[in-house]
1. So if R0 is 30 Å, what FRET efficiency would Ala51 and Met9 give, r being the distance between their Cβ atoms, rounded to the nearest 0.05?
2. If you line up the long axis of helix 3-18 against the longest principal axis of the chain, both from Cα atoms, how many degrees apart are they, to the nearest 10?
3. When only alpha-carbon atoms count, how far does the chain stretch along each of its three principal axes, as whole angstroms with the largest first?
4. Mind checking the full-extension length gain between Ala40 and Ile60? Use 0.36 nm per residue of separation minus the Cα-Cα distance, one decimal, nm.
5. Provide the per-residue ³J(HN,Hα) series for segment 38-47, in order, calculated from phi with Karplus coefficients 6.51, -1.76, 1.60 and θ = phi - 60°, each as a whole number of Hz, with x at glycine and proline positions.
6. Can you order the peptides 26-39, 5-18, 44-57 by their average number of other Cβ atoms within 10 Å per residue, highest first?
7. Just to confirm, what accessible area per residue do you get for the chain at 1.4 Å probe, in whole Å²?
8. How large a share of the accessible area of the chain, in percent, is made up of carbon and sulfur atoms when the probe is 1.4 Å and the other protein chains stay in place?
Amino acid sequence: MSVDVQQLMMSALRKRSAQGGKHLHHRDCIHNLPPEEQIAIRGKTVEWWMAVVGSMPEQITPDQWETDGLESAS
């Protein structure tokens, strides 16, 4: 895992913790990425994902953001 991805994941976990454990969509959110990239970042393949999860993750748009970006979580 690259340092950038590790930093992004740690920031996301801090953000989630600050929200009481609830994930809120934001401009730095993994859900802004195409479904295939969301799966790859999680270290899985589309084939594995479909077999285990059963549906592709959704890609959000800016109008679906629920909070500010990660910089406020630090």
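1. 0.80
2. For helix 3-18, the angle is close to 60 degrees.
3. 35, 29, 20
4. On the way: separation 20, 0.36 × 20 = 7.20 nm, distance 1.69 nm.
Full extension of this stretch gives 5.5 nm more.
5. Result, rounded to whole Hz: 4, 5, 4, 4, 7, x, 10, 9, 4, 4.
6. Packing proxy ranking, top to bottom: 26-39, 5-18, 44-57.
7. 69
8. Working: 2780 of 5090 Å².
Ligands and nucleic acids excluded, carbon and sulfur reach 55 percent.
The values are calculated or read from the model by the stated rules, or taken from the named source; none is laboratory data. Quick caveat, the model's predicted, so the values are computed rather than measured. Every residue, glycine among them, receives a Cβ derived from its backbone with ideal geometry; neighbour counts consider all protein chains shown. We work out accessible area using only protein heavy atoms, side chains counted, and drop any ligands, DNA or RNA first. Shrake-Rupley method; radii C 1.70, N 1.55, O 1.52, S 1.80 Å.
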